[in-house]
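*Asks:* Take this structure first; my questions come after.
The values are calculated or read from the model by the stated rules, or taken from the named source; none is laboratory data. Here the structure is a predicted model, which means the values were calculated and not measured. Counting neighbours? That spans all protein chains shown, and the Cβs are built from the backbone with ideal geometry, glycine included.
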Amino acid sequence: MAEIINMPKLGFDMAEGVLVRWVKQVGDTVAKGDVLAEIETDKATVEVETHSAGTILQLVVEQGAVVPVNAPIAVIGQPGEKADLPTGDGEQKTEAAPQTPTQPTPVSQSAPAAESDSDKVKASPLARKIAKDNAVNLADLQGTGPGGRVVKKDVEAALDGQKTEDRKPSAPVYSPSSFVVSQEDKVIPTTKLRQAIGRRLVESKQTIPHFYVTHEYKMNALMDMRKQINAYLPDNEKVSVNDFIIKAAALTLRQFPNLNATIKGAEIVQFGRVNVGVAVTVPGGLMTVVVKDADVKPLRQISGEIKAMAARARDGKVKPDDVDGSTFSTSNLGMYDVEDFIAIINPPEAAILAISSAREIPVVENSQVKIGWRMKATISVDHRVSDGAEAAQFMQALAEFLENPARVLV
């Protein structure tokens, strides 16, 4: 039986996505894991992969179409196989697969718009967006991606080159009076990602009764252990402070399942798996990538997965599994020299941990002032699910892992 590929659901609030581009066409042979299409959601542009090998028998929707989640978009199988596609009334409709390559029937009979030079260039969706926003002609760029595809860094390099050219006629030193300050208002349309963030966080603050608990952690032992571990690792595999915190939080959640939970009506659902979401900065906003089963994965694997998922998120190439299924979230602003902050809960989760900078500060130990590493973290909790005492106990238990980091490794 032929396999039907459906529009994936990325997050609990996703209702539909836009099929931006077909990477494969009818008649193409594909292997498991090949990229079939690119779809755009409120959160990101995602590459849809095939789950089996075969031949593209049918493309159900056109490029640019808005498709509900779980609706069929393509059929893969062996030539001559049939696929049961759902009809509008919910029943299944059996269709014979075409024997010869065919393209989706156009919805509009009007003449198609002429393609620009940029439209004909192979480029990632994120590269196209940045180029469009900055009036860069993709046809002028040399792509460094697979098969000569133009990617984000190619467009950014071109923009950097433009800025350098713009600076050449200017004097190398400016006085404050030489800057021209525009008094014109600038209107910037919000991206789909920014709109989605706004909707989710307004909903979160309006419907979830937040409360907050802050704890300060002694980080001397962790900073020393990280230094020792990284001495044995290549630069691209070094572990971060955040990697330790993700693992420590996951282990602590095993002791406090009520914080690894969600509320549904009059019931609290405690998740069986500990999937920790990690907020990542991407162009135009934030995205949460998810470390599945973080409580049972070794530190080095967690570190590698976060690096890989964050890179895909920033390049606009996240996979559905990268961003789906979190049960508890974290937000780390430690790299920005932040002393303390609070985070908004990522619904439908019950809690989120805000992580600040690890800093060397004067501390008092045994009645003596000395220099020590300290870090503050604040947990935001849904008061419908938990109370202050449990949140405080969680933060204390987290200290057992962060202040004794060998426990994270065993």
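*Asks:* So, Arg312, is that one modelled with pLDDT under 95 and basic (Lys, Arg) or not?
*Replies:* Values: modelled with pLDDT under 95: yes; basic (Lys, Arg): yes.
Taking the combined requirement at face value, the residue satisfies it.
*Asks:* Applying the selection to segment 256-270, what residues are free of Cβ contacts under 8 Å to residues at least 24 places away in the same chain and outside any strand (DSSP E or B)?
*Replies:* Correct list: Pro257, Gly265, Ala266.
Yes/no matrix, rows are residues, columns are (1) modelled with pLDDT of 80 or more; (2) of a type outside the set (Ser, Thr, Tyr); (3) within 26 Å of Val26 (Cβ to Cβ):
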site: Pro101; (1), (2), (3): no, yes, yes
site: Pro104; (1), (2), (3): no, yes, yes
site: Ala111; (1), (2), (3): no, yes, yes
site: Pro125; (1), (2), (3): no, yes, yes
site: Lys132; (1), (2), (3): no, yes, no
site: Asn137; (1), (2), (3): yes, yes, no
site: Leu141; (1), (2), (3): yes, yes, no
site: Gly147; (1), (2), (3): no, yes, yes
site: Lys153; (1), (2), (3): no, yes, no
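*Asks:* Still on this structure, I have one more. State which residue pairs qualify: first residue surrounded by fewer than 17 Cβ atoms within 10 Å (Cβ to Cβ) and inside segment 271-295, second residue part of a strand (DSSP E or B) and aromatic (Phe, Trp, Tyr) in any location, beta carbons under 9 Å apart, and separation of 6 or more residues or different chains.
*Replies:* Hits for this filter: zero, empty list.
*Asks:* State the number of residues belonging to segment 364-395 that are surrounded by 11 or more Cβ atoms within 10 Å (Cβ to Cβ) and assigned to a helix (DSSP H, G or I). Please lay out each step first, then the result.
*Replies:* Pass one, segment 364-395, residues surrounded by 11 or more Cβ atoms within 10 Å (Cβ to Cβ): 372-388, 390-395.
So of that shortlist, the ones also assigned to a helix (DSSP H, G or I) come out as 388, 390-395.
So the count comes out to 7.
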